[in-house]
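Report on one structure; see the data block that follows.
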Amino acid sequence: MKYALVTGGSRGIGRAICLKLAAMGHPVIINYQSNQEAAEETKQAVEAAGGQAELLPFNVSDSEAVDTAIENWQNAHPEDYIGILVNNAGIRKDTLMIFMQNNDWQNVINTTLNGFFYITRRVIKGMLSKRDGRIINMASLSGIKGQAGQSNYSAAKAALIGATKALAQEIGSRKITVNAVAPGFIATDMTKDFNEADFKKMIPAGRFGKPEEVAALVGFLASDDAAYINGEVISINGGLYT
Ligand code: NAP
């Protein structure tokens, strides 16, 4: 069977993506780091909607933990492969660069960029042998335009976009597509400390986006209909920036 692995699939945008991909008929592997309760809730929501899900906790920024988790999963699923990979796990540690500590910089880069690398290089082996795959990387508007107070996050997301374009050219001939999605403000735990009333004045749509709206785009990119879209960055931001 063809599985979908969603990193950071337990909450927010990742949870909505798990629900969407499961509704499209894919068994989903829900990755998370520490919040098991949220992951269990997501698994139950997928199952309640008639889908299939399993949990696979690991820290995406720990290369050994990634290798072990993927190897264990493959050993437990000798007939199956991960045909859809959504690199969604991400964190932010916002502060002006003049105040930024090494950890603020490194943790954000490690999660978004190194996490993408550690997982993707393992998962593409199965995709290459099956000559089938969809990789969708969760970038951000910050990775396109840059955002004050987010030099770490903007750098990580911009680098992820560069890696998306490079990898798309490496493996596109094997019927594997690699694309990035760049959301603006989406209502999740990550943005709960932002005052929507202040920010929405800048957004032509007049509101934050919903995780389900991002999940709909990811679902399309994961579908057969998107086979000819490769190496692209697709914005979803209510018109905030074009
Ligand atoms: P969120 O609600 O904070 O959820 C983050 C998810 O990532 C959780 O499932 C969390 O698991 C997981 N995670 C964090 N660090 C991890 C690690 N080292 N290893 C494994 N899992 C890890 O975030 P979100 O708003 O849904 O954001 C999802 C993605 O969209 C991120 O890449 C973010 O940068 C991007 N994005 C978000 C927005 C927005 O406005 N929300 C805008 C643009 C881009 P635990 O709960 O176990 O920690």
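Here are a few things to note about the model shown:
- The share of alpha-carbon pairs in the chain lying farther apart than 31 Å comes to 17%.
- 19 Å reach of a label modelled at Asp224, 7 Å along Cα-to-Cβ, counting backbone N of the range 1-16: 1-4
- Residue-by-residue Karplus 3J(HN,Hα) for the range 142-153, coefficients 6.51, -1.76, 1.60, Hz, glycine and proline x: 4, x, 9, 9, x, 9, 4, x, 9, 5, 5, 5
- Debye-formula intensities of the range 82-164, expressed as log10 I(q)/I(0) at q = 0.19, 0.22, 0.25 Å⁻¹, are -0.77, -0.94, -1.12 (one equal scatterer per alpha-carbon, no solvent).
- Carbon + sulfur, % of accessible area of the chain - ligands and nucleic acids excluded, 1.4 Å: 49
- Rolling a 1.4 angstrom probe over the protein heavy atoms with all chains in place gives the range 1-120 an accessible area of 47 Å² per residue.
- Full extension of the chain segment joining Asp62 with Ala45 gains 3.3 nm, where the gain is 0.36 nm per residue of separation less the Cα-Cα distance.
- Per-residue [θ]222 nm for the chain (sum of -39500 (n - 2.57) over DSSP H runs n ≥ 4, rounded to 500): -13000 deg cm²/dmol
- Counting every C-alpha pair in the range 24-161, the share spaced more than 23 angstrom apart comes to 41%.
- Computed P(r) (all Cα pairs; the range 156-242; 5 Å bins; percent): 3, 13, 20, 20, 18, 12, 8, 4, 1, 0
- Here the calculated FRET efficiency for Leu96 and Ser34, from their Cβ-Cβ distance with R0 = 35 Å, stands at 0.80, rounded to the nearest 0.05.
- In this Cβ point-charge picture (+1 for Lys and Arg, -1 for Asp and Glu), the chain has a dipole of about 680 debye about its Cα centre.
- With kT/(6 pi eta Rh) evaluated at 37 °C and eta = 0.692 mPa s, and Rh the Kirkwood radius from Cα pairs, the range 98-242 diffuses with a coefficient of 203 µm²/s according to Stokes-Einstein.
- Between Ala155, Ala216, Ile171, the Cα set farthest toward the positive side of the dipole of the range 113-242 (charges on each charged residue's Cβ, about the Cα centre) is that of Ile171.
- Dividing the radius of gyration of the alpha carbons in the range 115-156 by their Kirkwood radius gives 1.17 for Rg/Rh.
- When the chain is treated as a GNM with alpha-carbon contacts under 10 Å, the residue of Ser223, Ser129, Ser154 showing the greatest mean-square fluctuation is Ser129.
- Once the chain from Lys130 to Asn75 is taken as fully extended at 0.36 nm per residue, the excess over their C-alpha distance is 18.1 nm.
- Accessible surface computed residue by residue for the range 148-201, with neighbouring protein chains in place and a 1.4 Å probe, gives 46 Å² per residue.
- Whole-Å semi-axes of the ellipsoid equivalent to the range 65-128 (Cα gyration tensor, √5λ, descending): 32, 11, 8
- Dipole magnitude (debye, nearest 20) for the range 1-140, charges at Cβ of Lys, Arg, Asp, Glu: 520
The values are calculated or read from the model by the stated rules, or taken from the named source; none is laboratory data. Quick caveat, the model's predicted, so the values are computed rather than measured. Every residue, glycine among them, receives a Cβ derived from its backbone with ideal geometry; neighbour counts consider all protein chains shown. Just the protein is used for accessible areas: all its heavy atoms, side chains included, with ligands, DNA and RNA removed. Shrake-Rupley method; radii C 1.70, N 1.55, O 1.52, S 1.80 Å.
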